[in-house]
1. Let me confirm something: among A:Val142, A:Val100, which residue is more than 14 Å from chain B (Cβ to nearest Cβ), of a type in the set (Val, Ile, Thr), touching a residue at least 12 places away in the same chain (Cβ under 8 Å) and buried (at least 18 other Cβ atoms within 10 Å of the Cβ)?
2. Quick test for you: out of A:Ile214, A:Ile175, pick the one residue that is in contact (Cβ under 8 Å) with a residue 40 or more places away in the chain, closer than 17 Å to B:Glu293 by Cβ and facing another protein chain (nearest Cβ under 10 Å).
3. Which of (1) modelled with pLDDT of 80 or more; (2) buried (at least 17 other Cβ atoms within 10 Å of the Cβ) is the odd one out, the single condition B:Ser306 does not satisfy?
4. Six or more apart or on different chains, Cβ atoms under 7 Å: show the pairs whose first residue is in the stretch B:282-302 and more than 19 Å from A:Asp185 (Cα to Cα) and more than 8 Å from every other protein chain (Cβ to nearest Cβ) and whose second is part of a helix (DSSP H, G or I) and open to solvent by less than 80 Å² (accessible area, probe 1.4 Å).
5. Assess whether B:Pro377 counts as being touching a strand residue (DSSP E or B) at 6+ places or on another chain (Cβ under 6 Å), not aliphatic (A, V, I, L, M) and not in a helix (DSSP H, G or I).
6. Surrounded by fewer than 16 Cβ atoms within 10 Å (Cβ to Cβ), touching a residue at least 24 places away in the same chain (Cβ under 8 Å), under 38 Å from the mean Cα position of the chain (by Cα) and not assigned by TED's automatic domain parsing to the domain that holds B:Ala124: which single residue out of B:Leu201, B:Leu228 fits that description?
7. Go through (1) free of Cβ contacts under 8 Å to residues at least 40 places away in the same chain; (2) within 16 Å of B:Tyr348 (Cβ to Cβ) for B:Leu396 and report which single condition fails.
8. Would you mind telling me which numbered condition in (1) outside any helix (DSSP H, G or I); (2) within 23 Å of B:Leu432 (Cα to Cα); (3) not assigned by TED's automatic domain parsing to the domain that holds B:Lys436 B:Glu275 fails?
Amino acid sequence: MRLLVVEDDAKIAAFVSKGLEQAGFAVDHAANGEDGLHLALSEAYDAAIIDLMLPKLDGLSLIAELRRNQISTPVIILSARRTVADRVKGLQTGSDDYLVKPFSFSELLARVQALIRRTSGAAHPTRLTAGDLAMDLLTREVIRGGGRIDLQPREFALLEYLMRQPGRVVSKTMILEHIWDYSFDPQTNVVDVLICRLRTKVDRDFEPKMIQTIRGVGYVLKAS
Amino acid sequence: MSLRPLDRLRKTIGFRLTLWYSAIFILSALAMVILAYFFLASSLRQKDHEMILSRLQEYQAQYRTGGIRAIRQELASEKYAGKPNYFFVRLASPANGTLFLNIPDQWADFDLKPLESGAIQEKAWIHLRAKDDENVLEITTAKLPDGSSLQVGKTTENREDLLETFRGVFASVTLIVIVLGVIGGQFLAVRALRPIRQLILTVRAIADTGKIAARMPVGQTRDELDELARLFNQMLEKIDALITGMKETLDNVAHDLRTPMTRLRGVAEMALQGEGPMETYREALADCLEESERVLRMMNTLMDISEAETGTMQLTLEPVNLPDLMDKVIDLYRYVAEEKHITLKTAYPRELHLAVDRDRLSQALGNLLDNALKYSPPGGNVELEASERPGQVIILVRDSGPGISPEDLPKIWDRLYRGDKSRSQRGMGLGLSLVKAIIGAHQGYVEASSLPDAGSVFAVYLPKQLQ
């Protein structure tokens, strides 16, 4: 898997590239919009991470230029602007996802992976498993240690979300967006409450504890 | 260089206004004076002509009865009677030879030759110029039955004297008019431009000192310049509010960020000093992440509030069915309520349409619901209601919390304010400020009412159509 990172801030570019490489991606970096466009036009990438404020050629123009050239590489926008209007504008230009700075690297990684999975048309399994936990997506049955677990719709959705990316951290923002389609800070941590409920049902009476908290980042489902 | 002040003067509106006013005033006054002069001159001439003609008819009649003698006699009797002899009388033979001539003695010397040389035309006016002054002899002619002609004339001397006097009067009047015109123009310009000069002074004061507390004095006349002054003051007030709002926001941000930043710093510093096990470092880093997350959330909320309050928040208005939106908000908090054993009750119609920013209103209602859940004791109730009034939609959020004391009630919308009893509760106290700001941006308003120990009611009033 090969990724393009177009970001003018050297430090951000370095930690993003390093992190992505550690996650097993090959990463090319461009420090301005023109170089980024040149790379994107001449090489084939599985995904591109593009900052909006770039020297020489801004991110939106870069994406528009790519799409005009029939290059459909999935793009994640990085931006310091967080309004809905900016987000919508970014998505309308042809990007596939939008991440506001400052972002957590785990979230970026998760979004990159989700994007690649989505665009590569991965098979849709009807059954998900993690250790002794199994989920049937058709009958909506969840079984752990041979016993059935009753989950309410949001609990089911969250567990499915975690089980679809085992071992990968998902942030609270991602859960809010994915489960409730909500993109604001809801003051009280509704995600914590949902995780807590899910833990009571899925983890409390079993070992090992699968749903783990990565403090300050998010949650991860680990089978072992 | 010496031309510069003059140049600047020429460019001022005051100068141009004075110039235009004076020019128009003076020109119209002059036109009137000139018109009056010509009217006077022509009426005087007409009167002279009438006199000459009536005299001519008189002499004609006398000639018909007694020939030249009768005319001579008449002239002599006129002289005798002391009547001023003002008329030129000439009797010409059919061949235009002078048979009789009477010229008053005091008259200037006129060259009469053209009279004898020219052909005689009845009723035409002949003008003879005096040899040594400006006077003119006006003569008209009548044919007599025997073929000879009678000519009677009069100098314009009297008339000219009169007109001369008038010219003098007119000249002085004109002078006065010019002076009055310039003074009037100046006065008008000064008067009309006074509010503008005030405006300039005010603006300059603001530009020089940066103090926008200065205001234009507004008159009572309700004219255009008053309107301008009023609008200018309104603009200043708006800018003032904006700047104050921004200052407050900055102060708040600076103040509120200090605490988490201090914690963040402290945690990092402690971790760097110690030689503890790996786990300590991990904990410290996680703490740092959490604190930075808190800083970020606070910053976002403060930005939202100030954007909404200063009117720079971009609202994407779209028709929304309010009950659907409220269902979604409730769905978000359903588990939170369940965990606290709080019963969520709803009372709203299935259809209630209005134009709002879907995300922002969700956020505001979410905060109100969050607040209600936070302050209701376990086992309590939270009720959400929505109803419609003409042109208005009312949303009520009722909790069964401890209520808010009357002295705290007005302060709950202030940033970072939290009633004393809630110190143990989490939250940054920004939630209600954000609600108020978002609803305000939708041209609506919020109200809270509460009785101690009987819960609080938060009411949101939204217009159905934004202006």
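1. On the way: A:Val100 fails: more than 14 Å from chain B (Cβ to nearest Cβ).
Result of the check over A:Val142, A:Val100: A:Val142.
2. On the way: A:Ile175 fails: facing another protein chain (nearest Cβ under 10 Å).
Of the residues listed, the single one that is in contact (Cβ under 8 Å) with a residue 40 or more places away in the chain, closer than 17 Å to B:Glu293 by Cβ and facing another protein chain (nearest Cβ under 10 Å) is A:Ile214.
3. Unmet condition: (1).
4. B:Ala284/B:Val267; B:Ala284/B:Ala268; B:Ala284/B:Ala271
5. On the way: touching a strand residue (DSSP E or B) at 6+ places or on another chain (Cβ under 6 Å): no; not aliphatic (A, V, I, L, M): yes; not in a helix (DSSP H, G or I): yes.
Criteria not met by B:Pro377.
6. Working: B:Leu201 fails: touching a residue at least 24 places away in the same chain (Cβ under 8 Å).
So the residue among B:Leu201, B:Leu228 that is surrounded by fewer than 16 Cβ atoms within 10 Å (Cβ to Cβ), touching a residue at least 24 places away in the same chain (Cβ under 8 Å), under 38 Å from the mean Cα position of the chain (by Cα) and not assigned by TED's automatic domain parsing to the domain that holds B:Ala124 is B:Leu228.
7. Of the numbered conditions (1) free of Cβ contacts under 8 Å to residues at least 40 places away in the same chain; (2) within 16 Å of B:Tyr348 (Cβ to Cβ), the odd one out for B:Leu396 is (1).
8. (2)
The values are calculated or read from the model by the stated rules, or taken from the named source; none is laboratory data. The structure displayed is predicted, hence computed values, not measured ones. Positions of Cβ are generated from backbone atoms using ideal geometry, with glycine treated the same way; all protein chains shown enter the neighbour counts. What goes into the accessible areas is simple: the full protein's heavy atoms, side chains included, and nothing from ligands, DNA or RNA. Shrake-Rupley method; radii C 1.70, N 1.55, O 1.52, S 1.80 Å.
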